[in-house]
Amino acid sequence: MAQVEEAISLDQVLDAETLDTRELHKEAARMTRRKLLRAAAECFADHGYHKTTIRQIASRAGVTLGALYHHFKDKRALLIWVNRARQIMSSQILRNAMSEEEDFFAALRKGLRGQFKVLADNPTLCGITREYMGMSMTDPDFNRMHNRSDLEFYGFFINELERRYPSLRPETRDAFVRMLIVALEGLIIQVVANSPMAAQPDQIVNTFVDTFETAVKRRS
């Protein structure tokens, strides 16, 4: 996943002519939160969630423990926030592809290839995805977050298929989308685990989408 860029620059924060005192504090707080989220993401990816300590995160961010606790309750909250950002980005990649391509399957290929390119290009986000997927299997809160994300993707794909293939029967559409989500998540797990079975995710995506396209068009 693409590295998150700083939303504001130091010059913006230090520009006293355009920022009043309250706004300056607000921007400084936003920068501190961003530094903490970046540091947490890097620590979780490098050392794993369970082996990372709050002190490591604060040290990498260059802030005090007090500053960290002012913004986040614990490292669990940090992983939740980092993962929310990752999920938003992942969703946006797919939504952008669907809006740019008229053909559903061309958009699906483009969106999925974009997602796996982000994982390949950014080891930190790949590591965050690995830690999140692991936590979603053992932690109730992360499991609920994961299920909500699945339902959002389910609704999105159902709506897109219904719009583009209105003659497809609802139960068939439901089965196809469930199959799509299960297959996609399986591939993500293999990729973040660095499995040799997922050494060429683009090729797997193309083969899967081709099969999916053939099945949908045969029934529509």
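Throughout, read-outs are computed from the coordinates displayed, never taken from laboratory work. Just so you know, these numbers come straight off a predicted model, no measurement behind them. Glycine also receives a Cβ, built like all others from the backbone with ideal geometry; neighbour counts cover every protein chain displayed.
I need the calculated FRET efficiency for the pair residue 189 and residue 28, taking r as the beta carbon distance and R₀ as 35 Å, to the nearest 0.05.
The computed FRET efficiency comes out at 0.35.
Above 27 angstrom, tally the Cα pairs of the chain and express them as a % of all pairs, no decimals. Don't skip to the answer; put the middle values down first.
Working: 10168 of 24090 pairs.
Every Cα pair in the chain considered, those over 27 Å come to 42 percent.
Tell me, what is the percent relative contact order of the range 41-108, built from C-alpha pairs under 8 Å that lie six or more residues apart? Don't skip to the end; give the middle numbers.
Working: 26 pairs, mean separation 12.9, N = 68.
So the answer I get is 19 percent.
Just want the answer: with Cβ charges of +1 for Lys and Arg and -1 for Asp and Glu, which residue in 143, 116, 94 is farthest toward the dipole's positive end in the range 76-219?
Result: 143, furthest along the dipole toward the positive end.
Mind checking which lysines have their C-alpha under 29 Å from residue 51, skipping anything on the same chain fewer than 8 residues away?
Correct list for residue 51: 35, 73, 75, 117.
So what is the relative contact order of the range 94-220, in percent, for Cα pairs below 8 Å that sit 6 or more residues apart?
On the way: 85 pairs, mean separation 34.9, N = 127.
So the answer I get is 27 percent.
In whole Å, what is the distance between the alpha-carbon centres of the range 105-162 and the range 30-71?
Going from one Cα centre to the other spans 24 Å.
Whole-Hz Karplus ³J(HN,Hα) for the range 75-92, in order, using 6.51 cos²θ - 1.76 cosθ + 1.60 and θ = phi - 60°, x for Gly and Pro?
Values per residue, Gly and Pro as x: 5, 4, 4, 5, 5, 4, 5, 4, 5, 4, 4, 5, 5, 4, 5, 4, 5, 5 Hz.
Could you tell me the largest-minus-smallest coordinate of the C-alpha atoms of the range 26-70 on each of the three principal axes, in descending order and whole angstroms?
Between the extreme Cα coordinates on each principal axis of the range 26-70 lie 31, 17, 13 Å.
Stretch residue 148-residue 214 to full length: gain in nm at 0.36 nm per residue minus the Cα-Cα span?
20.9 nm
So what is the calculated 222 nm ellipticity per residue for the chain, using -39500 (n - 2.57) for each DSSP H run with n of 4 or more, over all residues, to the nearest 500 deg cm²/dmol?
Numbers: 10 runs with 174 residues, N = 220.
The per-residue figure over the chain is -26500 deg cm²/dmol.
Could you calculate, for the range 71-180, the ratio of the Cα radius of gyration to the Kirkwood radius, expressed as Rg to Rh? Mind dumping the intermediate values first?
On the way: Rg = 15.6 Å, Rh = 15.3 Å.
That ratio equals 1.02.
Would you work out the relative contact order for the chain, in percent, from Cα pairs under 8 angstrom that are 6 or more residues apart?
The value is 21 percent.
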